[in-house]
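Each remark here refers to the structure printed beneath this line.
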Amino acid sequence: MLYWIGKILAVLVCRFFGRWQVIGQENIPRTGGVLVCANHVSYIDPPALGAGCPRRVYFMAKEPLFRIPVLGFLIRKVGAFPVKTHSADRAAIRKAVDLLHKGECVAMFPEGTRNLTSEPLLPAEPGVGMIALMAKVPVIPAALINTAKLLPPHSMFLRFARIKVVYGKPVDLSDLYGAHGKEAAQEVGNRVMAAIGELLKQHQ
């Protein structure tokens, strides 16, 4: 119940303040495990990404957020689970793969943190490659556009903007299934970030 209340609130915020446009929902399979991977520039990204998705979404969220009073309680209640950033967090990877094998939709930000640089994207952390190769489910790239204008970095207040949430077609990883090691995981990350980058170019 709390998840759907949160989703309704996120939709209202994105529509009123963000005047949002959601594109490509048809690319998300309605059943079965699916991994959604998006760029990350604002704290509003998880609500925007989840609000636009036609399915319930389980988010990987950085571990320090779960130690914040009230916020930590709430994000656990809506199905988020912690991940240690800048490392191959085995527990978080196992949790994500388990959810995907159960047919759930899991969302993550492969960059591992908000991108506050002038570069369009940061390199992918290794976790996305490990999860994709272990779970062997469709990987959907997603582009979040202008969310940093809706909720700027270091700001606690929403601003009016025009945002887009774009879900792309699945990334083809079939030739990598069965591969192991850092090189294979890195190649997955490269392909996912390239697909996100292409969506940003098309819709920015």
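The values are calculated or read from the model by the stated rules, or taken from the named source; none is laboratory data. Everything quoted here is computed from the prediction, not taken from an experiment. Here the Cβ positions follow ideal geometry from the backbone for every residue, glycine too, while neighbour counts run over all protein chains shown.
Does A179 count as more than 17 Å from A107 (Cβ to Cβ), surrounded by 11 or more Cβ atoms within 10 Å (Cβ to Cβ), without any contact (Cβ under 8 Å) to a residue 60 or more places away in the chain and in contact with a Pro (Cβ under 7 Å, 6 or more places away or on another chain)?
So A179 does not fit the description; no.
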From the option list V166, V128, single residue qualifying as surrounded by 14 or more Cβ atoms within 10 Å (Cβ to Cβ) and either touching a Leu at 6+ places or on another chain (Cβ under 6 Å) or charged (D, E, K, R) (or both) is V166
Of the candidates G24, G32, the one satisfying the condition of being touching a Lys or Arg at 6+ places or on another chain (Cβ under 9 Å), small (G, A, S), surrounded by fewer than 22 Cβ atoms within 10 Å (Cβ to Cβ) and over 27 Å from K182 (Cβ atoms) is G24
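Going through the range 160-176 one residue at a time, which ones are of a type outside the set (A, V, I, L, M, F, W, C) and under 22 Å from the mean Cα position of the chain (by Cα)?
Matches in the range 160-176: R162, K164, Y167, G168, K169, P170, D172, S174.
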Looking at the range 154-162, can you tell me whether even one residue there is in contact with a Phe, Trp or Tyr (Cβ under 9 Å, 6 or more places away or on another chain), buried (at least 22 other Cβ atoms within 10 Å of the Cβ) and closer than 26 Å to I44 by Cα?
no
* Please verify whether the range 1-14 includes one or more residues that are in a helix (DSSP H, G or I), modelled with pLDDT under 95, surrounded by fewer than 18 Cβ atoms within 10 Å (Cβ to Cβ) and among the hydroxyl-bearing types (S, T, Y). => yes
**Asked** Right, A51: over 17 Å from V188 (Cβ atoms), crowded, with 17+ Cβ neighbours inside 10 Å and touching a His at 6+ places or on another chain (Cβ under 7 Å) or not?
**Response** no
In the range 37-61, anything among the hydrophobic types (A, V, I, L, M, F, W, C) and out of contact with any strand residue (DSSP E or B) (no Cβ under 8 Å at 6 or more places or on another chain) is listed as I44
Reported set for the range 71-104 where residues are more than 25 Å from T31 (Cβ to Cβ), surrounded by 15 or more Cβ atoms within 10 Å (Cβ to Cβ) and touching a Leu at 6+ places or on another chain (Cβ under 7 Å) is G72, I75
